[in-house]
Amino acid sequence: MNKSLSVSNLLGISDLNINDLNLIFKTANYFKEIINRPIKKVPTLRDITIANLFFESSTRTKLSFELAEKRLSSDIINFSAQYSSLNKGESLIDTVNNILAMKVDIVVLRHPNPGAAFFLSENVNSIIINAGDGSHEHPTQALLDSFSLIEKFGNLKDKNIAIVGDVLHSRVALSNIYILKKMGVNIRVCGPKTLIPRHIESLGVEVSYNLIDTLKWCDAVNMLRIQNERMNFNFFPSNREYSQLYGLNTDVIKKIKNEIIILHPGPINRGIEISSEIADSDQAIILDQVQNGVAIRMAVIYLLAKKININD
Amino acid sequence: MNKSLSVSNLLGISDLNINDLNLIFKTANYFKEIINRPIKKVPTLRDITIANLFFESSTRTKLSFELAEKRLSSDIINFSAQYSSLNKGESLIDTVNNILAMKVDIVVLRHPNPGAAFFLSENVNSIIINAGDGSHEHPTQALLDSFSLIEKFGNLKDKNIAIVGDVLHSRVALSNIYILKKMGVNIRVCGPKTLIPRHIESLGVEVSYNLIDTLKWCDAVNMLRIQNERMNFNFFPSNREYSQLYGLNTDVIKKIKNEIIILHPGPINRGIEISSEIADSDQAIILDQVQNGVAIRMAVIYLLAKKININD
Amino acid sequence: MNKSLSVSNLLGISDLNINDLNLIFKTANYFKEIINRPIKKVPTLRDITIANLFFESSTRTKLSFELAEKRLSSDIINFSAQYSSLNKGESLIDTVNNILAMKVDIVVLRHPNPGAAFFLSENVNSIIINAGDGSHEHPTQALLDSFSLIEKFGNLKDKNIAIVGDVLHSRVALSNIYILKKMGVNIRVCGPKTLIPRHIESLGVEVSYNLIDTLKWCDAVNMLRIQNERMNFNFFPSNREYSQLYGLNTDVIKKIKNEIIILHPGPINRGIEISSEIADSDQAIILDQVQNGVAIRMAVIYLLAKKININD
């Protein structure tokens, strides 16, 4: 296995090869051990400054990155769109170039526009980590999802994994499809027709509109959240109807025989895409995903920062 | 004296026994010395991560907790309601469980709902410190008020302490009544009838509607602030009328003979509940309270964090 | 050269003598070297706590101060107007005195009111650094501008420097005029009549309304930004007309023979006061200014903090 990543930025899962994935998982494993010790920090990146640029609100992803950065002992500056001089008409490139001129090493970018992280990486001279770009990719989420599955299953090859819900608007779905394909997983997406992108089969996934069938087939299911804030008109009659057809609850679980693992990227809408009993059951590994998120982000930051030193 | 607290959270003064109070005061004394040295920090809690969850705006309490945490060398993550995924319909328990899954050790919670800190402590597995829950309790404020009085008087037993103003909406008043009772203080509350809760005598306090009488009686007075933002209709005709009847100013001070100590939880409304001359006089220990706030919060955090290690 | 500043605060350039300027530049030079090393930090101010009080939004100045403070290893607390108890009617002095009671050593103040930093320095007992007070002064900006010019020219004595644009509303212009005069520079301000303050010649500067003439005359030009947010009515017909008469672009540059250095305080309005080609050309030292800003702020904070220790 290579000791360094093939990429200089983390823009999306689609850029990573299988060696990169294995290296990230192995490194995350090491950091997960660290954050479960009484002393949860390493002094490794004391000489690195990281800017978290969030042009879209976020609680968990932002806190997860911040904690990952703190536990690597790096210096951090944060800013959110509402405080930025973007209000004064400055371009994204100018904003970032200004921050980089202050000797910032890594930029973590969350942006509502698909492709924003890639665009930035082409136009500025810095390490860019994509923390979600519109409905395009959310690579650290996909990495932590796969890492959590590997913890449960070991090798994912030939496993059956379903992704259920609003696949159309979901960067989580897309990044998950990319990563699971690379690991030899059989993927099925499931949801109402209006929320499944046309031609998604071209990515090598199966499509189903029946939740029970899908659950009977799979070893694990990733229940996407209904993102009301991302839908500009109604894609299904009501949350209640959605819940009846595609919500995961005790009735549904009783109908299937196999014991499946349940993932959710959070924040969960209890009673809509997942019921409280299921979300709090042992089958659901939602909080493992959150913990693994810190370890994965530590691994990604560490591996990308290491490349600066190699190049120096 | 015991070396550890009888509680695992700081939810309210009502849970603390006299040994707890003495232990907190003794520890705060030690930290007050530290923060008055040229090097104001100790490396004690380098392995502790603290989340400040403020669901209600606050300047001084938030800054005071943050400084206390920094001077204990702990790692800190902050978030305020406006950035949170609560907007996305997530429950308080889910938000906190997610933060805890990232290996956070202590949650400092400010919340508009009375009982929020207790509710959380029953439902999540973490140390909770109540930084104000609606009109219920504000225990660190009461601790710093008492600590400031002890600095002036030594033992508080049998002292006469008055609490003047909007007792009805004040978590500061309630927490102060609890703590002063435990220390054997005689308490009188004073204010317009509309702002004194019915049956408050059942807590063992006297009630007066006359400011001059009350001040003549007491050794120290805690002047509550008029919290316009907490009143949903008018409890008295105008700020001017309130000030004439219950405001502390030079005229009032001249009418009483005894030299009383004046506390105020801040921020002060100059010219309403307290005049500028009085607020800036030597009798007022408002800024001592602020400084003691950092020491008290360091003590509380330190003592609660120590319990994790003992249990480990 | 003296080893310490003649002032205890940085309120404005007008208070500094030439020894102060040289000491700041020499110290900034040292810190610029530090921030270009792999380890960009010094432990020098580990015992200092700094409060950044921003009552006006700002991206770059705030981040620059924060990074300067972090690289000196000081403890930092931030607050912005929207979170403050100023909403609860507290005065600026009370807010700051409360923060100081928590044992804060240095206050960095950004405020919309001209004179706010001076007013504070007269009324509280702390080191105050002015990070911009309304249309009055922005001393660290002027220091970094001069520092950037010195890097290019060495001694500035008898150089010709132009300041172009909205001089009327610009604290950057005023602070630059003060500092450049002290260093023996010939200054010319240039812009539409409505944006040049009357009687500005009394500060010892020339006035011109012709951009080409001004550029032919100067060795360097500081292009101010059009601050739409500061203008309460229109001072010129349109941005387009402004750009045609006072915008710096390739056509303008072709008309002058001399190779001038171009500064801009940022954020730039591309296509208004400066064209993209010019902003991104080698003549423009805009990003050097940004980098130098961190070094200058480290120098100012370091030199003022050193005075506390001397006085102790």
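The values are calculated or read from the model by the stated rules, or taken from the named source; none is laboratory data. These figures come from a predicted structure and were not determined experimentally. Cβ sites come from the backbone with ideal geometry, for glycine too, and all protein chains shown count toward neighbours.
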Next item on the list: For the range B:3-28, enumerate the residues that are in a helix (DSSP H, G or I), surrounded by 17 or more Cβ atoms within 10 Å (Cβ to Cβ) and in contact (Cβ under 8 Å) with a residue 40 or more places away in the chain.
Entry: B:ILE13, B:LEU21, B:LEU23, B:ILE24, B:PHE25, B:THR27, B:ALA28
Margin query: Is it the case, given these coordinates, that A:ALA279 is in contact with a Phe, Trp or Tyr (Cβ under 6 Å, 6 or more places away or on another chain) and either at pLDDT 95 or above or in the same structural domain as A:ARG60 (by TED's automatic domain parsing) (or both)?
Written below: no
Notebook entry, point to check: Just checking, how many residues over the range B:44-66 are over 29 Å from A:LEU72 (Cβ atoms), in contact with a strand residue (DSSP E or B) (Cβ under 9 Å, 6 or more places away or on another chain) and within 7 Å of another protein chain (Cβ to nearest Cβ)?
Noted result: 2
Notebook entry, point to check: of a type in the set (S, T, N, Q), at pLDDT 95 or above and surrounded by 22 or more Cβ atoms within 10 Å (Cβ to Cβ), is that true of A:ASN186?
Noted result: no
Check: Condition test on B:PHE147, is it of a type outside the set (Lys, Arg), surrounded by fewer than 18 Cβ atoms within 10 Å (Cβ to Cβ) and closer than 20 Å to B:ALA28 by Cα?
Finding: no
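Residue-wise test of (1) of a type in the set (S, T, N, Q); (2) assigned to a helix (DSSP H, G or I); (3) within 14 Å of chain A (Cβ to nearest Cβ).
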residue	(1), (2), (3)
B:GLU90	no, no, yes
B:SER146	yes, yes, no
B:GLU151	no, yes, no
B:ASN155	yes, no, no
B:LYS181	no, yes, no
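So, of the residues in the range A:42-75 that are among the charged types (D, E, K, R) and either more than 22 Å from A:GLN141 (Cα to Cα) or in contact with an Asp or Glu (Cβ under 7 Å, 6 or more places away or on another chain) (or both), which turns out to be surrounded by the fewest Cβ atoms within 10 Å (Cβ to Cβ)?
A:ARG46
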Check: Do we find a residue being outside any helix (DSSP H, G or I) and surrounded by 14 or more Cβ atoms within 10 Å (Cβ to Cβ) anywhere in the range A:289-305?
Finding: no
Checklist line | Qualifying residues in the range B:202-241 (those that are modelled with pLDDT under 95 and within 14 Å of chain C (Cβ to nearest Cβ)) - the one farthest from the chain's Cα centre (by Cα) | finding: B:ASN239
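Residue-wise test of (1) in contact with a Leu (Cβ under 7 Å, 6 or more places away or on another chain); (2) over 29 Å from A:ARG71 (Cα atoms).
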{"site": "A:VAL252", "(1), (2)": "yes, yes"}
{"site": "A:LYS257", "(1), (2)": "no, yes"}
{"site": "A:GLY271", "(1), (2)": "no, yes"}
{"site": "A:SER275", "(1), (2)": "yes, yes"}
{"site": "A:SER281", "(1), (2)": "no, yes"}
{"site": "A:LEU287", "(1), (2)": "no, no"}
{"site": "A:ALA305", "(1), (2)": "yes, no"}
Notebook entry, point to check: Which one of the conditions (1) part of a loop (DSSP other than H, G, I, E, B); (2) out of contact with any strand residue (DSSP E or B) (no Cβ under 6 Å at 6 or more places or on another chain) does A:VAL172 fail to meet, given that it meets all the rest?
Noted result: (1)
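Taking the range B:190-210 only, how many residues are touching a Cys at 6+ places or on another chain (Cβ under 6 Å) and at positive phi?
Keep residues of the range B:190-210 that are touching a Cys at 6+ places or on another chain (Cβ under 6 Å), which gives B:208.
Those still in the list that are at positive phi too: none.
Of the residues in that region, 0 qualify.
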Checklist line | Selected residue (only one of A:ARG110, A:ARG37 is more than 9 Å from chain C (Cβ to nearest Cβ), surrounded by fewer than 16 Cβ atoms within 10 Å (Cβ to Cβ) and among the basic types (Lys, Arg)) | finding: A:ARG37
Note to self: If a residue must be at the interface with chain C (Cβ under 8 Å from one of its Cβ atoms) and at pLDDT 90 or above, how many such residues does the range A:67-88 contain?
What the structure shows: 2
Next item on the list: Mind telling me which of the residues A:LEU109, A:LEU100 ends up being closer than 25 Å to B:ASN98 by Cβ and not assigned by TED's automatic domain parsing to the domain that holds A:ASN176?
Entry: A:LEU109
Next item on the list: Looking only at the range A:119-127, decide whether some residue is among the small types (Gly, Ala, Ser), within 14 Å of chain C (Cβ to nearest Cβ), over 26 Å from A:GLN227 (Cα atoms) and without any contact (Cβ under 8 Å) to a residue 40 or more places away in the chain.
Entry: yes
Next item on the list: Would you mind telling me which numbered condition in (1) hydroxyl-bearing (Ser, Thr, Tyr); (2) over 26 Å from C:LEU287 (Cα atoms); (3) in the same structural domain as C:PRO112 (by TED's automatic domain parsing) C:SER64 fails?
Entry: (2)
Checklist line | The one condition in (1) under 28 Å from B:PRO267 (Cα atoms); (2) facing chain A (nearest Cβ under 10 Å) that B:LEU11 fails to fulfil | finding: (2)
Checklist line | Conditions (1) closer than 29 Å to A:GLU90 by Cα; (2) in contact with a Cys (Cβ under 8 Å, 6 or more places away or on another chain); (3) among the aliphatic types (A, V, I, L, M): number failed by C:LEU180 | finding: (2)
Check: In the range B:34-73, how many are assigned to a loop (DSSP other than H, G, I, E, B) and more than 18 Å from A:VAL294 (Cα to Cα)?
Finding: 18
